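Colleague: Mind having a look at this structure? Questions to follow.
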Amino acid sequence: MQNPYNIWGTPADCRGSEAPPSIYGALPYSTSRRMLPLLAFTFTSLNPSVLNCVVLGPNNHPQFQITTNTSMPGYTILRGKEGKNIGLIEWRPDGSQVEVLHVVRKQPAGSFLRLSGDHKYRIMQVQNTDYLWIIEGSAISMYLAGEVKSPTLLARLKRQQNGFKLEVANDVVQGGLLHPVLIAAVLLQSGQSF
């Protein structure tokens, strides 16, 4: 069986934590992933799921609200703390749709988070850049596609006892990716087909 993480540049014959030798024998070789400082967002007050919850920011204060209510059946809305709509998931039997204000035009959720050809990860495209969501143990991690030698962890989604924790690099927030990443997290944890 081929190593699904081999795209990160780790040779298939590398065993355990042994690093393969340098190409020239004199330079060190690293297969480690880089980690930027991460900001934590917690999906809490699940009622009964991630489709109705509050997202606490790094300061542990409410920053976002995710609602799926009877006044708009079939729609899940991401709102900022001021109550402004930021993102939308339209759940449809013929293919759900997603939209993130000013960042992701309305499109099929299956295109926004498309499954890789080998079904081992999902590819999120935002503003013509691809990001990979990969299952790593009990977490789902996001990396920039194409970073081979030392990929940088941009986001990590983990289940907690009373919800979910989304850790994102400050670069994600500053780069305007936080809202698409929040919508991706809702899709990935919704239990819905898309």
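Colleague: Going 7 Å from the Cα of ILE135 toward and past its Cβ, which residues in segment 96-117 have a backbone nitrogen under 17 Å from where you end up?
Modeller: 114-117
Colleague: Work out how much length ASN47 to ASN162 would gain on full extension: take 0.36 nm times their residue separation and subtract the Cα-Cα distance, in nm to one decimal.
Modeller: Here the segment from ASN47 to ASN162 would lengthen by 40.3 nm.
Colleague: Further question on the same structure: Dividing the alpha-carbon radius of gyration of segment 93-171 by 2.2 N^0.38 Å (N being the number of residues), what value is obtained? Don't jump to the answer; show the numbers that get you there.
Modeller: Numbers: Rg = 13.6 Å, N = 79, 2.2 N^0.38 = 11.6 Å.
In units of the 2.2 N^0.38 Å rule of thumb, it is 1.17.
Colleague: State, to one decimal in nm, how far the label point of ASN170 lies from the label point of LYS120, with both points 7 Å from Cα in the Cβ direction.
Modeller: The two pseudo-label positions are separated by 3.4 nm.
Colleague: Shifting gears a bit: Bins of 5 Å, beginning at zero and ending with the bin holding the largest distance: percent of Cα pairs per bin for segment 58-107, please.
Modeller: 5, 20, 24, 24, 16, 7, 3, 1
We did not get these values from a lab; they are worked out from the coordinates using the rules stated. Because the structure is a prediction, the values reported are computed rather than measured. Neighbour counts run over all protein chains shown; Cβ positions are idealised from the backbone, glycine included.
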